[in-house]
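Comments concern the structure below.
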Amino acid sequence: KRGKAVYFNNPMWPGEAHSLKVEKVLFKDKSDYQEVLVFESATYGKVLVLDGIVQLTEKDEFAYQEMIAHLPLCSTPSPKNVLVVGGGDGGVLREISRHSSVEVIDICEIDKMVIDVSKRFFPELAVGFQDPRVQLHIGDAVEFLRKSPEGKYDAIIVDSSDPVGPAQALVEKPFFETLARALKPGGILCNMAESMWLHTHLIEDMISICRQTFKNVQYAWSSVPTYPSGVIGFVLCSTEGPAVDFKNPINPIEKLDGAMTHKREMKFYNSEMHRAAFALPTFLRREVASL
Ligand code: AAT
């Protein structure tokens, strides 16, 4: 009885739980930051879980990684310097590497165990680390951005976990200020922004913080079956500088050499999905008043 109650106690989604049948636990350990679990599921392939929260499954990871990477990178004419916050599995790196204009891909992940586990169990994602443009920094992104040179990046992608545990500070105003400072004029931020069904208040807070720091702020979303409520959102922001029209990709993926010739074809993102991602249901527009 007590065991069952624990399932429904996650503060991010009280009263509900999503289950996947476990065929075999492949790895379980406690890092300095969180509990790391990998299991083989019956129907979604291998699954990575941090502190009891599903971060990715082999079956649907591409929907999230492709959207969080290409929504910002296809919204900027020729991205050169890109930073990933979190994303230690390497999936977002894999997607960024399709963009041949990119010269530097910095990644700041707090937990080395996530990287090691991904290299061992998720080679299709960890392949992202093999790109010679990738520079890995292991540490807290808050500290990394505090020290980052001003105006370095064309795009920053915050692929971080939910704001319980090590990612808590990543949804607070001082962090967004350091992100804005690290971007070039007209540079773009794409931030994982939870579920419209479960977290309208979190989304509202994030959007209002971003509006204080950035010029242009938009919300987009995508379907990811194994994330709570089956959807995940993204806040896209640009700094003062050339106007950015997020809804119409200026750097369409269909025109990139790397996009289709890459060893692994894309499965989710295309320009039509990009435009569709910004269409918002009426309740969300109403609840997040400024959208
Ligand atoms: N692409 C997989 C999806 C993730 S992983 C999020 C990563 O962010 C984790 O590897 C975690 O260790 C890292 N992280 C958390 N806090 C910090 C920090 N302060 N600095 C650097 N990295 C950090 C996200 C899935 C979203 C799930 C939605 N429910």
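The values are calculated or read from the model by the stated rules, or taken from the named source; none is laboratory data. Since this is a predicted model, take the numbers as computed values, not measurements. All Cβ positions, even for glycine, are placed from backbone atoms using ideal geometry, and neighbour counts span all protein chains on display. Calculation scope for accessible area: heavy atoms of the full protein, side chains included, ligands and nucleic acids excluded. Shrake-Rupley method; radii C 1.70, N 1.55, O 1.52, S 1.80 Å.
I need every pair where a residue in the stretch 172-199 that is open to solvent by 10 Å² or more (accessible area, probe 1.4 Å) and part of a loop (DSSP other than H, G, I, E, B) has its Cβ under 6 Å from the Cβ of a residue that is within 12 Å of the ligand (Cβ to nearest atom) and of a type in the set (S, T, N, Q), sequence separation at least 6 or different chains. Matching pairs, first to second residue: Trp197/Ser229; Leu198/Ser229. One residue alone among Asp89, Asp106 is outside any strand (DSSP E or B) and closer than 25 Å to Phe144 by Cα, and that residue is Asp89.
Here's the yes/no breakdown for (1) touching a strand residue (DSSP E or B) at 6+ places or on another chain (Cβ under 6 Å); (2) among the hydrophobic types (A, V, I, L, M, F, W, C); (3) under 17 Å from Asp116 (Cα atoms); (4) more than 11 Å from the ligand (Cβ to nearest atom):
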{"site": "Asp29", "(1), (2), (3), (4)": "yes, no, yes, yes"}
{"site": "Leu56", "(1), (2), (3), (4)": "yes, yes, yes, no"}
{"site": "Lys59", "(1), (2), (3), (4)": "no, no, no, yes"}
{"site": "Ser101", "(1), (2), (3), (4)": "no, no, no, yes"}
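Can you pull out every residue in the stretch 1-39 that is among the aliphatic types (A, V, I, L, M), at pLDDT below 95 and surrounded by 11 or more Cβ atoms within 10 Å (Cβ to Cβ)? Correct list: Met12, Ala17.
Among the candidates Gly128, Gly86, Gly90, the residue that is open to solvent by less than 20 Å² (accessible area, probe 1.4 Å), within 8 Å of the ligand (Cβ to nearest atom) and under 17 Å from the mean Cα position of the chain (by Cα) is uniquely Gly86. Only one entry of Ser75, Ser148, Ser118, Ser97 meets the criterion of being of a type in the set (Ser, Thr, Tyr), closer than 27 Å to Trp221 by Cα and out of contact with any Asp or Glu (no Cβ under 7 Å at 6 or more places or on another chain), and that entry is Ser75.
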